[in-house]
Amino acid sequence: MQHEPLIDVALPVAGIDVAKKQLDLFIDVADQRLRVANDDAGVARLVATLVEHRVRLVVVEATGRYHRRVAAALLQAGVSVAVVNPQQVRAFAKAAGKLEKTDRIDAGVLARFGRAMDPRPAVETPESQTILSDLVCRRRGLVQMRVAEANRAHDRLPRLAAAQSRKLLRLIEQQVEDLDREIAKLVEADDGRGGKAKVVDSVPGIGPDTANQLVVDLPELGELNRQEIAKLAGLAPLNRDSGRYRGQRKIGGGRAEVRTCLYMAAFNARRHCDRFRDYFDGLIARGKLYQVAMAACMRKLLVTLNQMVKTNTHWNPNLHGAVA
């Protein structure tokens with residue numbers, strides 16, 4: 001039986017506050033600080049300092065794109081790095097009485113967070129996954145712009161403004177279609193993602209674009225159990241109990257972009273698939289609110305997709321037709 005290697009807790013833990021132009025480092029045991037530019041030379045100096053002090057874990061916040069360079073360099077150098085949610089770190093800082101917020105303070109808070117919470121280290125992300133994530137993020141932004149512009153188009157606009165609005169909507173629509181084609185091409189070129197996408201696409205009501213988005217935004221699909229995948233997407237009902245009080249279970253946390261995608265997927269699956277239509281209608285008949293029934297339908301769809309991907313099984317009306 002193999003055991004995980006023991007961690008020497010005496011080794012230092014470091015925090016790096018990431019900004020667009022600079023990186024602030026704090027190493028807790030050595031009580032050392034360092035500020036470098038967020039460029040190749042600065043990152044190289046930072047990595048050399050961390051290796052010199054035998055830092056066992058480096059904690060950085062997820063900052064969109066700015067943290068990627070330093071995180072990739074640390075992973076290549078063999079230094080464990082954890083990319084954490086900024087909201088969790090801020091809550092930790094408030095609990096520790098750190099109400100002030102500067103780059104210098106944040107680096108120290110990140111190191112304390114890593115020491116106390118021991119977050120899970122990240123693994124090196126393939127370049128294709130990074131490219132796909134950027135393309136899907138770009139598509140999501142364009143869709144939001146399209147919705148906002150379409151809502152404005154309902155107003156009585158002057159002739160010039162109305163013409164510009166129509167022109168902008170056509171441009172956005174064209175760019176979304178271009179992104180869909182590029183995303184589909186990259187997903188199909190990857191055997192693993194392509195196979196997952198075909199399994200997801202086999203469910204009635206889910207189209208190829210939605211399948212590609214789910215595969216990219218939720219690469220863990222098919223690798224976790226039903227409870228874990230539901231919690232990762234923020235669709236697991238969470239307890240709200242205290243003493244004798246039993247509060248209503250509510251969903252929360254998780255990946256908002258996955259929930260948004262699953263909402264539309266469940267909405268369409270409910271229209272085109274007897275299983276999800278009957279499940280939703282049964283909840284409504286028992287007095288459940290619309291949003292509660294939709295959240296349950298989203299969770300059932302996610303759990304079903306997770307099992308289908310895990311077993312590499314396409315949708316079969318005879319197999320999946322009955323309502324569980």
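Out of the stretch 44-68, which residues are within 21 Å of Val9 (Cβ to Cβ) and not in a helix (DSSP H, G or I)? His53, Arg54, Val55, Arg56, Leu57, Val58, Val59, Val60 - these are the residues of the stretch 44-68 that are within 21 Å of Val9 (Cβ to Cβ) and not in a helix (DSSP H, G or I). At least 2 residues that are closer than 27 Å to Gly192 by Cα and among the polar types (S, T, N, Q) in each: list the helices (runs of 4 or more DSSP H) lying fully within the stretch 217-324 that qualify. By residue number, 256-272, 290-311. I'd like the full set of residues that are among the β-branched types (Val, Ile, Thr) and free of Cβ contacts under 8 Å to residues at least 60 places away in the same chain, limited to the stretch 212-238. Within the stretch 212-238, just Val215 meets the criteria. Considering (1) touching a Lys or Arg at 6+ places or on another chain (Cβ under 7 Å); (2) crowded, with 16+ Cβ neighbours inside 10 Å; (3) at pLDDT below 95; (4) within 26 Å of Arg140 (Cβ to Cβ), the lone condition that Leu238 does not fulfil carries the number (2). Only one entry in Asp155, Asp178, Asp118 is at pLDDT below 90 and among the acidic types (Asp, Glu), namely Asp155. Of all the listed residues (Asp103, Asp134), the sole one being among the acidic types (Asp, Glu), modelled with pLDDT of 90 or more, closer than 21 Å to Arg68 by Cβ and over 21 Å from the mean Cα position of the chain (by Cα) is Asp103. Residue pairs whose Cβ atoms lie under 7 Å apart, sitting 6 or more positions apart in sequence or on different chains, and linking a residue in the stretch 110-136 that is in a helix (DSSP H, G or I) to a partner that is of a type in the set (S, T, N, Q), are Val136/Gln213.
For the stretch 69-104, filtering for residues that are within 23 Å of Gly253 (Cα to Cα) and either assigned to a helix (DSSP H, G or I) or not assigned by TED's automatic domain parsing to the domain that holds Val36 (or both) leaves 10. Entry remark, the stretch 293-320: residues being more than 15 Å from Ala230 (Cα to Cα) and surrounded by fewer than 19 Cβ atoms within 10 Å (Cβ to Cβ) number 8 in total.
The values are calculated or read from the model by the stated rules, or taken from the named source; none is laboratory data. Just so it is clear, the structure is predicted and the values come from calculations on it, not from any experiment. Glycine gets a Cβ as well: all are built from the backbone with ideal geometry, and neighbour counts include every protein chain shown.
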